[in-house]
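The values are calculated or read from the model by the stated rules, or taken from the named source; none is laboratory data. Being a predicted model, the structure only gives us computed values, none of them experimental. We place every Cβ from the backbone using ideal geometry, glycine too, and count neighbours over all the protein chains shown. For accessibility, only protein heavy atoms count, side chains too; no ligands or nucleic acids. Shrake-Rupley method; radii C 1.70, N 1.55, O 1.52, S 1.80 Å.
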Amino acid sequence: MGEEGMENDSKNAGSAKGNSVRAGGGPLLSLLGFLIFPFFWSIPEALVTAELATFFPANGGYVLWISSAFGPFWGFQEGFWRWFSGVMDNALYPVLFLDYLKHSFPILDNTIARIPALLGITLSLTYLNYRGLHIVGFSAILLACFSLLPFAVMAVISIPRIRPRRWLVVDYGKVEWRGYFNSLFWNLNYWDNASTLAGEVENPSRTFPRALLGAVVLVVCSYLVPLLVGTGAVETDSGEWSAGYFAQIGMLIGGSWLKWWIQAASALSNMGMFEAEMSSDAYQLGISKYGTPTFSILCSASGVIFLSWMSFQEILEFLNFLYAVGMLLEFAAFIKLRIKRPDLHRPYKIPLETFGATILCLPPVSLLILVMCLASPKTYLVSGAVIILGFALYPALIHAKNQKWIDFSTDVTLRSSDDDLEGHPMVSEEHQADTDEASHRLLSDLPSSTTSHASHISPMEAGKLE
């Protein structure tokens, strides 16, 4: 759970928060967004994640949810879309890392220095993921503390300079609604990513609800406090807010020492987000000797290097669209599992009946549809190509498996005769200890005509690409 908290907490130092001020035409809409959006989006997503992640306490997360509700085809599509969205998201962080450093080291703005720096950062962080989650989790916690501390210091020393009237500034003529909603959506999402590591969490039925609730509160505070300070203590123009601007705010409030501290924290926070995103995306294809998915990590790293040459806004909009498509499927799976199998034991259950749970999902679903409707034609084209690729890839992998070109070995099979939904088993209470050791992969949902259960491969089987 440390990686998930790191991914959201350290975004407080990222450029997307500054982008919300610029896109919102001033501080007011940005502050209102980070104050209101969590109730319409973050909290419902975190609650649904807590219920389903404890229902399926195993690596694989949302792939298992969708497979159990709609079958392995849609489980595969969900995993593919979300993995691709995650790769796009990860491509942002090496770029942002260099963008922060170039303010102090202008040479990083030159292609001859930027390319090797980009490759070096990506490969180094990828190796940390390869070596195991214990390294990623420990480094994530340290980076989170280091990233948040300078903003706390800045908040304290800026109190005498804060003028509340500055928070009310908004120029509706400068508001860019597409950028505004995409920025807020990106900063406040990805709560379900923690579910893909559920098998690595001790006592997930107790840990997930508490960790997600605490993370939501911490994340909202880590956004609002720096924004209240940055916009209330200094008179600024919304057009000035961009990557690295908080370092300039720190300079005006505390001097050069605070500027350098914020700049270093902002740069390193992107390293933490890279690690957290890759680790949550990677547990879908295969496992290395360190207990990490080597094949998926290599695929993610390759995608990151390729996508890093695109602009920040383009990547942000692409990944938000694919993420929204996947989340619509997740909310649908949540409601279907509530309706079809209300009798199954859920270690954590949202304290609402099925009708109330459905109403809970309406605001986030509306936001997902809004984000998709605001997308540019280029985003529709790219996202449509990815979706079509996923549809074509599924039967292609089935054929490759049947021809024995690709082999998927089964490490663990968890079944319960009482907990079976349309051929897709659930995790019963008696199996929760075993599922903490299970490995669940995106490709494990592929059916095979050569197996005894040809029409439905259990989503609770672990597929390891050999």
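Looking across the range 163-179, the residues that are of a type outside the set (A, V, I, L, M) and touching a residue at least 40 places away in the same chain (Cβ under 8 Å) come down to Arg163, Pro164, Arg166, Trp167, Asp171, Tyr172, Gly173, Lys174, Glu176, Trp177, Arg178, Gly179.
Considered as a group, the residues in the range 129-150 that are more than 18 Å from Leu96 (Cβ to Cβ) and of a type in the set (A, V, I, L, M, F, W, C) include one that is modelled with the highest pLDDT, and that residue is Leu149. Considering the conditions (1) modelled with pLDDT of 90 or more; (2) open to solvent by 10 Å² or more (accessible area, probe 1.4 Å); (3) not hydrophobic (A, V, I, L, M, F, W, C), Pro38 is excluded by exactly one of them, (2). Counted as qualifying within the range 159-266 are no helices (runs of 4 or more DSSP H), as none has 3 or more residues that are open to solvent by 10 Å² or more (accessible area, probe 1.4 Å) and of a type in the set (Asp, Glu). Between a residue in the range 129-157 that is on the phi > 0 side of the Ramachandran plot and of a type in the set (Phe, Trp, Tyr) and any residue that is modelled with pLDDT under 75 and open to solvent by less than 20 Å² (accessible area, probe 1.4 Å), which pairs come within a Cβ distance under 6 Å, given they are 6 or more apart or on different chains? Correct list of pairs: empty, since none qualify. Of the numbered criteria (1) assigned to a helix (DSSP H, G or I); (2) open to solvent by 40 Å² or more (accessible area, probe 1.4 Å), the one Ala400 fails is (2).
When Ala91, Ala58 are checked against the criterion of being under 30 Å from Trp261 (Cα atoms) and buried (at least 24 other Cβ atoms within 10 Å of the Cβ), a single residue qualifies: Ala91.
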